[in-house]
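A short worksheet on the structure shown next.
The values are calculated or read from the model by the stated rules, or taken from the named source; none is laboratory data. Just so we're clear, the structure is a prediction, and the values are computed from it rather than from any experiment. With ideal geometry, Cβ positions are generated from the backbone for all residues, glycine too; neighbour counts draw on all protein chains shown.
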Amino acid sequence: MDRIKIVGGQQLNGTIPISGAKNAALPLMIASLLTDDRLSLKNVPNLADVNLLARILRNHGVDLAVDGKRSGPAPYLGETFHLTARDIVDTTAPYEMVSRMRASFWVLGPLIARMRKARVSLPGGCAIGTRPVDMHLSGLRALGAEIDIDEGYVIAKAPNGLVGNRITFPKVSVGATHNVLLAAALAKGETLIENAAREPEIGDVAECLVKMGAQIDGIGTSTLRIQGRDRLEGAVHSVVPDRIETGTFAFAVAATGGEVLLEGARAEHLQAALDALKRTGASVEAVPEGIRVSRQGGEITPVTVETQPFPGFPTDLQAQMMALVTRANGTSVISETIFENRFMHVQELARLGADIQLHGDTATITGVKALRGAPVMATDLRASVSLVIAGLMAEGETLINRVYHLDRGFERLEEKLSRCGAIITRVSEG
């Protein structure tokens, strides 16, 4: 099993190209189920989750061809996926696949919409909370799907097709918004989704659906109005840059000091996080090439942060912010309002010397003068990368175990950091 070894204390200086967003690439790949034409997706990141979803889609009958990395002046542009679901040969998404990645549950809406039936495993538990699918199912029922649960599977059918309706989510849900949006694109008539999630990745999927022939109003707002179509066409679309990767590297630069250009990043996609980062004392500047982040000396200022749905501070950057303020000059407070159990990185940060107290959904972090390297264990995707940031700050050597979590969501992490001066290597065993 691979591990990552970090020798801390090095500043980061240089340029880091930002990959395509995993959280957009996955639903965009699933959108290929909505048409029998080819959907070409550019800037797809090479990640474990993307590769797993490719297997799931092939199981449904999607033909997938991949163009590799480019050579020449822009070698870090992502892969291009050509997906063609001419014939969907299987409408079952089995437990052994869905249980490994929750986003694969989003095939449910497109399968019902196009094939009028689906059998998709419930995703089961999650390391960072239960994340129930009730709103997915109630939204699809509102579109006319008949849904039963049998032996851990969602059995759904819509013999006469889906029909547009007004759907008001009781709370913001990225997953439910994706699932219903994808299904509504092939429903008869108009669907109105109220209290929809506003994350940029949802807007990216909506923009792709428009290219495929859907009519969607309100993109980027909490109210989406979709005029369903009898069929969608193929399209060519480029995956939006990953705002979570952007924020992660921005926090890493603030933690180590130095100056890095985050190439291709879009400041408007994570303004709340960048505002919080500025409050810690880092310099953040949006430039035509992306975002420039620096911290040239000076102490890290403590902050108070509360995670919120977009456009608030992202829950997916909570662990990274916590790692940064472990070295702040004072006490920071971080509240997690989105997911329960998303403080599993706390005990591992404590192994490096962090002073963190938990009280329900709130963490109080008292900055220490130094972190010291130690063996630590990754527990989930975002917790894993918080340990990387802490390791970059720490004195001595940090060894991170179970880094397969990192491979789910960060493309060439060690390479990108080492190009900017970090001493970070992957150690393969066995």
Practice prompt. Any chance you could count how many residues in region 346-377 are touching an Asp or Glu at 6+ places or on another chain (Cβ under 8 Å) and not acidic (Asp, Glu)?
Written response: 12
Worksheet item: Does region 228-254 hold any residues that are over 19 Å from the mean Cα position of the chain (by Cα), touching a residue at least 60 places away in the same chain (Cβ under 8 Å) and over 23 Å from ILE300 (Cα atoms), and which are they?
Response: GLY228, ARG231, LEU232, GLU233, GLY234, ALA235, VAL236
Worksheet, complete the sentence: Across (1) small (Gly, Ala, Ser); (2) in contact with a Phe, Trp or Tyr (Cβ under 7 Å, 6 or more places away or on another chain); (3) at pLDDT 95 or above, SER121 clears everything bar (3)
Worksheet, complete the sentence: The correct count of residues that are at pLDDT below 95, surrounded by 21 or more Cβ atoms within 10 Å (Cβ to Cβ) and in a helix (DSSP H, G or I) in region 387-404 is 0
Item to complete: Restricting attention to region 369-383, report how many residues are surrounded by 15 or more Cβ atoms within 10 Å (Cβ to Cβ) and outside any strand (DSSP E or B).
Response: 9
Worksheet entry | region 41-58 residues that are in the same structural domain as ARG100 (by TED's automatic domain parsing), paired with ones that are assigned to a helix (DSSP H, G or I) and among the polar types (S, T, N, Q) (beta carbon under 7 Å, 6 or more apart) | LEU53/SER104; ILE56/SER104; LEU57/SER32
Worksheet item: Could you list, in sequence order, the residues of region 1-33 that are without any contact (Cβ under 8 Å) to a residue 60 or more places away in the chain and in contact with a strand residue (DSSP E or B) (Cβ under 6 Å, 6 or more places away or on another chain)?
Response: SER32
Response to the item:
The correct count of residues that are modelled with pLDDT of 90 or more and touching a strand residue (DSSP E or B) at 6+ places or on another chain (Cβ under 8 Å) in region 58-95 is 21
Worksheet item: Only one residue in THR307, THR326, THR301 is under 27 Å from VAL376 (Cα atoms), more than 22 Å from the chain's Cα centre (by Cα) and crowded, with 18+ Cβ neighbours inside 10 Å, so which one is that?
Response: THR326
Worksheet item: Of the residues ASP87, ASP49, which single one is out of contact with any His (no Cβ under 6 Å at 6 or more places or on another chain), acidic (Asp, Glu) and within 17 Å of VAL205 (Cβ to Cβ)?
Response: ASP49
Item to complete: Confirm whether ASN13 is over 26 Å from ARG114 (Cβ atoms) and in the same structural domain as LEU261 (by TED's automatic domain parsing).
Response: yes
Worksheet item: Across region 282-298, which residue is farthest from THR248 (Cα to Cα) among those that are surrounded by fewer than 18 Cβ atoms within 10 Å (Cβ to Cβ) and among the aliphatic types (A, V, I, L, M)?
Response: VAL287
Worksheet item: Among GLY218, GLY257, GLY247, which is the only one that is closer than 23 Å to MET321 by Cα, of a type outside the set (Asp, Glu) and in contact with a strand residue (DSSP E or B) (Cβ under 7 Å, 6 or more places away or on another chain)?
Response: GLY257
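Having 2 or more residues that are touching a Cys at 6+ places or on another chain (Cβ under 9 Å) is the bar; report the strands (runs of 3 or more DSSP E) wholly within region 7-67 that clear it.
Once the strands (runs of 3 or more DSSP E) in region 7-67 are filtered for at least 2 residues that are touching a Cys at 6+ places or on another chain (Cβ under 9 Å), what remains is 12-17, 38-44.
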Worksheet item: Out of all the residues in region 164-189, which are more than 16 Å from LEU232 (Cβ to Cβ), surrounded by fewer than 22 Cβ atoms within 10 Å (Cβ to Cβ) and of a type outside the set (Ser, Thr, Tyr)?
Response: ASN165, ARG166, PHE169, PRO170, LYS171, VAL172, VAL174, GLY175
